[in-house]
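Here the structure comes first, spelled out in structure tokens, and everything after it is commentary.
The values are calculated or read from the model by the stated rules, or taken from the named source; none is laboratory data. These figures come from a predicted structure and were not determined experimentally. Here the Cβ positions follow ideal geometry from the backbone for every residue, glycine too, while neighbour counts run over all protein chains shown. Please note that ligands, DNA and RNA were not included when accessible areas were found on the heavy atoms of the full protein model with its side chains. Shrake-Rupley method; radii C 1.70, N 1.55, O 1.52, S 1.80 Å.
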Amino acid sequence: MKCQSLTIANKLRYYRKKCGMTQEQVASQLHIDRSNYVYYETGKLIPPLKKIVKFAKLFNISYTDLLDDYCEELSKECEDK
């Protein structure tokens with residue numbers, strides 16, 4: 001699961017920086033602790049789907065922009081079994 005969480009983490013970091021926001025600003029806007037956001041952005045935790053939808057709204061993107069690679073990787077894992 002580590003590679004998928006890094007994919008989402010990298011996208012969170014990319015879109016946050018593209019929006020010109022700090023980690024603190026994102027956390028504040030979504031009413032979460034900065035430390036939790038840092039865990040999402042570093043890949044230590046995978047954010048729940050509800051949070052992914054909130055990130056997408058904040059960054060003005062589709063939630064699928066954050067999940068596409070993750071879902072593709074999960075599909076490959078299922079096919080391999």
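Overview of values
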| read-out | value |
| --- | --- |
| Answer residue from the range 67-81, given it is under 16 Å from residue 10 (Cβ atoms) and either at pLDDT 90 or above or of a type outside the set (A, V, I, L, M) (or both) and is least open to solvent (accessible area, probe 1.4 Å) among those | 70 |
| Cβ-Cβ under 6 Å pairs, at least 6 apart or on other chains, the range 12-32 side over 19 Å from residue 46 (Cβ atoms) and among the polar types (S, T, N, Q), far side modelled with pLDDT of 95 or more and surrounded by 15 or more Cβ atoms within 10 Å (Cβ to Cβ) | 29/58 |
| Candidates 2, 54 - the one that is open to solvent by 80 Å² or more (accessible area, probe 1.4 Å), under 22 Å from residue 68 (Cβ atoms) and modelled with pLDDT of 95 or more | 54 |
| Residues that are open to solvent by less than 40 Å² (accessible area, probe 1.4 Å) and assigned to a helix (DSSP H, G or I), drawn from the range 16-32 | 16, 23, 26, 27 |
| Evaluation of residue 47 against (1) of a type outside the set (D, E, K, R); (2) in a helix (DSSP H, G or I); (3) surrounded by 15 or more Cβ atoms within 10 Å (Cβ to Cβ); (4) modelled with pLDDT of 90 or more (one fails), failing number | (2) |
